[in-house]
Amino acid sequence: MSELTLLVLRIGFLILLWAFVFAIVYALRSDLFGQKVRRLPAQNGQSAASAPVVAASAAAPAAAASAAATAPIARTSAPAATADDDEPQAEPPARRLVITSGAKEGMELELGDDQLTIGRSADSGLVIRDDYTSTHHARLMLWSDQWMIQDLDSTNGTFLNGKRVSIPTPVPLNTPVSIGTTTFELRR
Amino acid sequence: MPPTSPEGAAATQASPEPTFTRSIAITVRQPSKLRNLELVLLLVALGIGGTALALVQLGVNGELDPGVLWQASALGMLALGMHVALRIVARDADPFILPIATTLNALGIAMIYRIDLARGDSGWESLGIRQMVWTAIAMVIALAVIVVIRNHRVLARYRYIAMLAGIVLLLLPMLPGIGLTLNGARLWIQLGSFTFQPGEIAKIALAIFFAGYLVTARDSLSLVGRRVLGLQLPRARDLGPILIIWVAAMAVLIFQRDLGTSLLYFGLFIVMIYVSTGRLSWVLIGLGLFLGGAAVASRTLTYVEGRFAAWLDSFNPEVYDAQGGSYQLVQGLFGMAQGGLVGTGLGQGRPTITPLAESDYIITALGEELGLVGLFAILGLYLLFVARGFRIGFNGTDDFGRLLAVGLSFVVVLQVFVVVGGVTRVIPLTGLTTPFLAAGGSALVANWIIAALLLRLSDEVRHQPRLVVDE
């Protein structure tokens, strides 16, 4: 075994070690540098409320620059580019669920892209334990950027703005949804 | 019969419900992205371990010895078995902990094996073989922990038993007959030819106790008390537990003659109390108590005094030549200087000049042969491991789990700081083990249990409800 081979091997080993460290850092990038997906809609929502023209023009270069962006970013920037349309479907979906009355009034949780199940059972995403809630009571689903509420044949019903929900129904922003003694709203 | 009738009614009411829920339960098994990522990283980790062993053999003997490589590949199979078990029992566990722990463990084995080769040890007397056997034992125990503890909140129920177990384990080496004094510290127990350091397991038990205790006691620790100079001072009666832990830490310092362990226990408690209450005053009180105790100890206890002298004045010939002086520390520094930026290469340095190069000074041995570049990669791996632990705590849904994750990660980070800081003359040298790297079975078992608990906690996070509304 020549000196040169050993030298190459030992430098190679150090490179392997660092490659491993960087592989982990790369896999963790969303964790270390923050999630882009969650922050963009919030910025768009705030600026769109104050000055929609600015938001649309600001979103245009961002959309152009993000040619290599991942799918969720592309999806959220696309509706922002067409924000001057009045279609409610084109707006980014709600990102927060805020409890407006009930035992945990004022609590809120962030909505992801997955569905959120609501019910008494411990495997629900939002567990509500009171006398009126069924084990699997309802679920919130994201259908083409619109949150829909579906009642899962609950005993005491799910109420959207006071009306009992029987088929999957779109949930507009800031509209009370009641399950048992708990009422929540979706906000951006 | 009044007692049975409500149950009967409940049973008839409940009976239609399970069939209903079962009919709508969705049982699609999604491919587990996290586990696939873990598998890729684990294969890289095993590659690093195998390469390190092969390089050691090439560097020392100039040829490969397949025997040890076969034994190491058996360990690799065990790590893969652990990965397969995680696929079944903890599918959503963190994918980075197992590969990082495996890499560090493998690097440690390679370095210890290298020191064996330099000393000419082989067979059961060699530390490398023992370290491999202990790794296997530790991994099996970690696997058992993951399988048996399906819900970490069970541990909260046993918090006072954990406290008792922790204190008993701490005091066990002081019992005459089984206690064993090695290198001046009375930390080991000996049963036949089998030695064990019970303090290593005690740190896990104490982390469980602190987490359970602080969840219930933190309101009285954080909200009550007077404000003095902008600091919220706790009431005298709330100081009780912190004083008990301080006394225990000082007892270890004085009677077992171990500075590092007492620093570890007390630091763990201070960090967990700070995380649970958010009060800076606790940190200041704790640091004041420890520094006060250590200052008194450095004046009165000769071995602590010697450590301070070796730290402050290492290159003084009198200190260097003294019994228990700075010879070992300075040899470690010379080793790292010899390694320089890229190191001498595995198997090509002379790490055995430093006494205890396989345990306390494994960092300087690795620094000599892998250089600053390699040492920083190792420190980077520790950083990532601990960052994952803190992230698991941050994402946790219940306070006990959060505190436990933070406490267990802090045990690891404090050990790394104390050991690496000690051998590089940042702080006085104290005898703690480098997690996963240093030779020592009890430390390996304890650190693998910590890894297992972190895996279990991270798996729970994704199964928990996002929000619970309880009447």
| request: Please indicate, with yes or no, whether at least one residue in region B:326-335 is buried (at least 23 other Cβ atoms within 10 Å of the Cβ) and under 30 Å from A:GLU3 (Cα atoms). | output: yes
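Would region B:422-430 turn up any residue that is touching a strand residue (DSSP E or B) at 6+ places or on another chain (Cβ under 8 Å) and away from every other protein chain (no Cβ under 14 Å)? Don't jump to the end; show me each part of the working.
Kept after step one, since they are touching a strand residue (DSSP E or B) at 6+ places or on another chain (Cβ under 8 Å), are these residues of region B:422-430: none.
So far as region B:422-430 goes, no, none of its residues is touching a strand residue (DSSP E or B) at 6+ places or on another chain (Cβ under 8 Å) and away from every other protein chain (no Cβ under 14 Å).
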| said: For region B:53-72, which positions are touching a helix residue (DSSP H, G or I) at 6+ places or on another chain (Cβ under 7 Å) and away from chain A (no Cβ under 14 Å)? | reply: B:VAL68, B:LEU69, B:GLN71, B:ALA72
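Looking at region B:25-33, can you tell me whether even one residue there is part of a helix (DSSP H, G or I), open to solvent by less than 90 Å² (accessible area, probe 1.4 Å) and either more than 10 Å from chain A (Cβ to nearest Cβ) or modelled with pLDDT under 95 (or both)?
no
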| said: Of all residues being at the interface with chain B (Cβ under 9 Å from one of its Cβ atoms) and in a loop (DSSP other than H, G, I, E, B) in region A:113-130, which is farthest from B:VAL461 (Cα to Cα)? Just the residue, please. | reply: A:ASP130
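For region B:115-193, list the helices (runs of 4 or more DSSP H) that sit wholly inside it and hold at least 1 residues that are within 30 Å of B:LEU58 (Cα to Cα); which are they? Give the derivation first.
Working: elements: B:127-148, B:153-157, B:159-171.
Once the helices (runs of 4 or more DSSP H) in region B:115-193 are filtered for at least 1 residues that are within 30 Å of B:LEU58 (Cα to Cα), what remains is B:127-148.
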| said: Looking at (1) touching a residue at least 12 places away in the same chain (Cβ under 8 Å); (2) away from chain A (no Cβ under 14 Å); (3) among the charged types (D, E, K, R), which one does B:ASP121 not meet, given that it meets all the others? | reply: (1)
| request: Could you please find all residues in region B:241-252 being open to solvent by less than 50 Å² (accessible area, probe 1.4 Å) and at pLDDT 70 or above? | output: B:ILE245, B:ALA248, B:ALA249, B:MET250, B:ALA251, B:VAL252
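Going by the conditions given, is B:VAL420 assigned to a helix (DSSP H, G or I) and surrounded by fewer than 24 Cβ atoms within 10 Å (Cβ to Cβ)? Even if it seems obvious, please write down each step before you answer.
Values: assigned to a helix (DSSP H, G or I): yes; surrounded by fewer than 24 Cβ atoms within 10 Å (Cβ to Cβ): yes.
So B:VAL420 passes the test.
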| query | For B:THR434, all conditions in the list (1) open to solvent by 10 Å² or more (accessible area, probe 1.4 Å); (2) closer than 29 Å to B:GLN328 by Cα; (3) among the hydroxyl-bearing types (Ser, Thr, Tyr) hold save one; what is the number of the exception? | reply | (1)
| said: Here is a list: B:ALA93, B:ALA110, B:ALA79. Which entry is small (Gly, Ala, Ser) and not in a helix (DSSP H, G or I)? | reply: B:ALA93
| task | Looking at (1) within 12 Å of chain B (Cβ to nearest Cβ); (2) open to solvent by 10 Å² or more (accessible area, probe 1.4 Å); (3) without any contact (Cβ under 8 Å) to a residue 60 or more places away in the chain, find the lone condition where A:LEU160 falls short. | result | (1)
| Filtered residue count, region B:343-373, keeping only those that are surrounded by 24 or more Cβ atoms within 10 Å (Cβ to Cβ) and in a helix (DSSP H, G or I) | 10
| request: Output the qualifying pairs, or none if there are none: Cβ atoms under 9 angstrom, residues six or more apart or on different chains, first residue in region B:365-389 and more than 8 Å from chain A (Cβ to nearest Cβ) and hydroxyl-bearing (Ser, Thr, Tyr), second residue open to solvent by less than 10 Å² (accessible area, probe 1.4 Å) and in a helix (DSSP H, G or I). | output: B:TYR382/B:ILE100; B:TYR382/B:LEU104; B:TYR382/B:VAL412
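Among the residues of region A:91-112, which ones are facing chain B (nearest Cβ under 10 Å) and of a type in the set (Val, Ile, Thr)? It would help to see each step written out before you state the result.
Step one: list which residues in region A:91-112 are facing chain B (nearest Cβ under 10 Å), which gives A:97, A:99, A:102-105, A:107-112.
Of everything in region A:91-112, just one residue is facing chain B (nearest Cβ under 10 Å) and of a type in the set (Val, Ile, Thr), namely A:ILE99.
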| task | Considering (1) within 11 Å of chain A (Cβ to nearest Cβ); (2) open to solvent by less than 20 Å² (accessible area, probe 1.4 Å), say which one B:GLY396 fails and leave the rest. | result | (1)
| query | B:PHE194 fails exactly one of the following numbered conditions: (1) crowded, with 20+ Cβ neighbours inside 10 Å; (2) more than 16 Å from the chain's Cα centre (by Cα). What is the number of that condition? | reply | (1)
| Within region B:401-413, is even one residue without any contact (Cβ under 8 Å) to a residue 60 or more places away in the chain, surrounded by fewer than 17 Cβ atoms within 10 Å (Cβ to Cβ) and not polar (S, T, N, Q)? | no
| message | Return the residues of region B:299-332 that are in a helix (DSSP H, G or I), closer than 19 Å to B:GLY421 by Cβ, in contact with a Gly (Cβ under 9 Å, 6 or more places away or on another chain) and not hydrophobic (A, V, I, L, M, F, W, C); say none if nothing qualifies. | response | B:TYR303, B:GLY306, B:ARG307, B:GLY332
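Just checking, does region B:278-295 include any residue being of a type in the set (Ser, Thr, Tyr), under 26 Å from B:ALA405 (Cα atoms) and open to solvent by 50 Å² or more (accessible area, probe 1.4 Å)?
So in region B:278-295, the residues of a type in the set (Ser, Thr, Tyr) come out as B:281.
Next cut, under 26 Å from B:ALA405 (Cα atoms) only: B:281.
Cutting the leftovers down to open to solvent by 50 Å² or more (accessible area, probe 1.4 Å) gives us none.
Checked against the condition, which is being of a type in the set (Ser, Thr, Tyr), under 26 Å from B:ALA405 (Cα atoms) and open to solvent by 50 Å² or more (accessible area, probe 1.4 Å), region B:278-295 yields no hits at all.
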| Long-range neighbours under 7 Å by Cβ, at least six apart or interchain, first residue without any contact (Cβ under 8 Å) to a residue 24 or more places away in the chain and of a type in the set (Lys, Arg) within region A:9-25, second assigned to a helix (DSSP H, G or I) and surrounded by 15 or more Cβ atoms within 10 Å (Cβ to Cβ) | A:ARG10/B:LEU55
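The values are calculated or read from the model by the stated rules, or taken from the named source; none is laboratory data. Just so it is clear, the structure is predicted and the values come from calculations on it, not from any experiment. Reconstructed Cβ throughout: ideal geometry from the backbone, glycine too, with neighbour counts over all protein chains shown. Accessible surface areas use protein heavy atoms only, side chains included; no ligands, DNA or RNA. Shrake-Rupley method; radii C 1.70, N 1.55, O 1.52, S 1.80 Å.
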